[in-house]
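Visitor: Attaching a single structure in structure tokens format; questions to follow.
Quick note: the coordinates plus some simple rules give every number you see, no bench work behind them. If you're wondering where the values come from, they're calculated on a predicted model, not measured in any experiment. Neighbour counts are summed over all protein chains in view; Cβ atoms, including those assigned to glycine, are modelled from backbone coordinates with ideal geometry.
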Amino acid sequence: MTYDAIVVGGSYAGLSAALQLARARRRVLVVDAGVRRNRFASATHGFLTQDGSDPGAVTAEGRAQLMEYDTVDWLSGTAESAAKAGGGFVVSVQGREPLLGRCLVLATGVRDQLPDVPGLAERWGRRVFHCPYCHGYELQQGRIGVLATSPMSVHQALMLPDWGPTTFLLNGVLEPDREQAEALKARGVTIEPGRIDRLEGEGLDVVMHDGRILPFQGLFVAARSVLASPLSGQLGCAVEEGPLGTCIKTDPIKATTVAGVFACGDAARMAGNVALAVGDGAIAGAAAHRFLMGMAF
């Protein structure tokens, strides 16, 4: 069978893209490895009608609604390779026959590269976060730390005082220049120049090398991200490098530089957010449908 579209990735963006195609009565296959980026978080926030919901429950409900459309198939597995084939594309999943599609939607996500601080990875998504809009409100204006990882961390430290008293932990990574230091002071940010030894405690205690313990309600990290799947590279899609990592280059309708390949969600934008991923998917799904029609968007 040749599908009209193969959507690789069944999280928020992929589900949204597939839904648009299903509602256009197109034959769609969703290939999903079952690894959501926000699987470590207990709740999703800032997503209209789903604020505070369990992230896994949101995607489960999305899948259940999608599968009500009889033109949609679902395949659990990891897409290992993709290539052009005739007038379409072939996708390989381990242990399966090659899958054929007239177009592709890549909603393959990213992996976060976390700083090598003992105790940090275990608290990712619970006490250590990347997005204040997603997690800042729940800290109830308690003490907040921002861990320096790159020059982008200065921007993050300037944002966080709206959610609570903020300390900028330099950890030997950077030194704010005069203008940055003045801006941080104006926002009420405390600068901590010392080095961190580890994170510990049931809450979040930052243990410094000199033995001091700095307690926080939450810690924010501007982590870099890398593409979670090699498919875009195999297909020849251009990528973009930014201060927070790599993403697949797309135009305003989520088309990549390869005709017939669309990309959406965290793999195709620098900002990670559930609501943005869903919107991205809707655009990509509609654009893929237009491509199948042979029409410009």
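Visitor: Given the chain, what whole percent of its Cα pairs are spread farther than 28 Å? The partial results should precede the final answer.
Guide: Working: 18686 of 43956 pairs.
Cα-Cα pairs in the chain separated by more than 28 Å: 43 percent.
Visitor: If you place +1 on the Cβ of every Lys and Arg and -1 on the Cβ of every Asp and Glu, how big does the dipole about the Cα centre of the chain come out, in debye to the nearest 20? Walk me through the numbers before you get to the answer.
Guide: Details: 27 positive and 30 negative charges, 143 e Å.
Here the chain has a charge dipole of around 680 debye.
Visitor: By how many degrees, between 0 and 90 and to the nearest 10, does the Cα long axis of helix 274-293 differ from the longest principal axis of the chain?
Guide: 20 degrees
Visitor: Angle, helix 55-66 long axis vs. longest principal axis of the chain, Cα atoms, 0 to 90°, nearest 10?
Guide: Here the helix axis deviates by roughly 10 degrees.
Visitor: Can you give me the Cα centroid spacing of the range 235-280 and the range 151-219 in angstrom?
Guide: 31 Å
Visitor: In addition: Which percent, to the nearest 5, of DSSP beta bridges fully inside the chain are antiparallel? Provide the component values of the computation, followed by the final result.
Guide: Details: 26 of 59 bridges.
The antiparallel proportion sits near 45 percent.
Visitor: Give me the angle, in degrees from 0 to 90, between the Cα long axis of helix 12-23 and the longest principal axis of the Cα atoms of the chain, rounded to the nearest 10.
Guide: Orientation of helix 12-23: about 30 degrees from the principal axis.
Visitor: Further question: Please sort by residue number the trypsin sites (Lys or Arg not before Pro) in the range 102-171 whose DSSP state is loop and whose Cβ has at most 13 other Cβ atoms within 10 Å.
Guide: Within the range 102-171, the qualifying trypsin sites (Lys or Arg not before Pro) (loop, at most 13 other Cβ atoms within 10 Å) are Arg126.
Visitor: With charges set only on the Cβ (+1 for Lys and Arg, -1 for Asp and Glu), what does the dipole of the range 115-221 come to about its Cα centre, in debye to the nearest 20?
Guide: That gives a dipole near 140 debye.
Visitor: Only loop residues by DSSP count here, and only those with at most 11 other Cβ atoms within 10 Å; note down the trypsin sites (Lys or Arg not before Pro) in the range 154-231 that meet that.
Guide: Arg212
Visitor: Counting helices only, and only those DSSP H runs with n ≥ 4, report the 222 nm mean residue ellipticity of the chain as the sum of -39,500 (n - 2.57) divided by its residues, in deg cm²/dmol to the nearest 500.
Guide: Calculated from helices alone, the mean residue ellipticity at 222 nm is -7000 deg cm²/dmol.
Visitor: Something else: Which order results if Thr78, Thr108 are arranged by neighbouring Cβ count within 10 Å, fewest first?
Guide: If I rank by nearby Cβ atoms, fewest first, I get Thr78, Thr108.
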